[in-house]
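Trainee: Please find one structure pasted underneath; my questions will follow.
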Amino acid sequence: MQKLELWHNISCSKSNSAKDFLDQNGFEISIRDHLLNPPSKNELKELLKKLDISIFDLVRTGEEIYKDLKLENIKDEEKLIEIVVQNPILIQRPILVGKNKAFIVRPPARIEDIINSFI
């Protein structure tokens, strides 16, 4: 199986559930705390390609900063990417990233199906 990376937020119950499942089932993964180690603009664009979604689908709309910055009014993808790079709390989580594809692990019950996509 390919090496996988989990974009993880230790304060998120869904992220912790995904990590626990992977740990308990012996999967070798690296952990990236995307709040402490935020992605660069290029890394975020690469992630979006692997996820096959736009930045608009990756953003957590329930975050206070989303409301404070009135991000619902932004229609320019490049501008939103720049804002997300500066505010990584806006990134959906957890995200399981492989060499050529990635998945947002929501709901956490999907993780078994997602893992099989990497085999």
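Trainee: Quick one: which residue in Lys75, Lys79, Lys101 is open to solvent by 30 Å² or more (accessible area, probe 1.4 Å), more than 13 Å from the chain's Cα centre (by Cα) and over 18 Å from Ser40 (Cβ atoms)?
Mentor: Lys75
Trainee: For the stretch 29-71, which positions are aliphatic (A, V, I, L, M) and outside any helix (DSSP H, G or I)?
Mentor: Those that are aliphatic (A, V, I, L, M) and outside any helix (DSSP H, G or I): Ile29, Ile31, Leu35, Leu36, Ile53, Val59, Leu69.
Trainee: Test Lys75 against the criterion of being assigned to a loop (DSSP other than H, G, I, E, B) and more than 30 Å from Gln2 (Cα to Cα), and give yes or no.
Mentor: yes
Trainee: Okay, moving on. Name the single residue, out of those in the stretch 1-51 being small (Gly, Ala, Ser) and open to solvent by 70 Å² or more (accessible area, probe 1.4 Å), that is farthest from Leu96 (Cα to Cα).
Mentor: Ser11
Trainee: Here is a follow-up. Do any residues in the stretch 6-26 that are over 18 Å from Phe118 (Cα atoms) have Cβ atoms under 7 Å from those of residues that are hydroxyl-bearing (Ser, Thr, Tyr), where the two are at least six apart or on different chains, and which pairs are they?
Mentor: From residues that are over 18 Å from Phe118 (Cα atoms), the pairs are His8/Ser15; Asn9/Ser15.
The values are calculated or read from the model by the stated rules, or taken from the named source; none is laboratory data. Computed from a prediction, not measured in an experiment: that's the story for all the values here. Cβ sites come from the backbone with ideal geometry, for glycine too, and all protein chains shown count toward neighbours. Please note that ligands, DNA and RNA were not included when accessible areas were found on the heavy atoms of the full protein model with its side chains. Shrake-Rupley method; radii C 1.70, N 1.55, O 1.52, S 1.80 Å.
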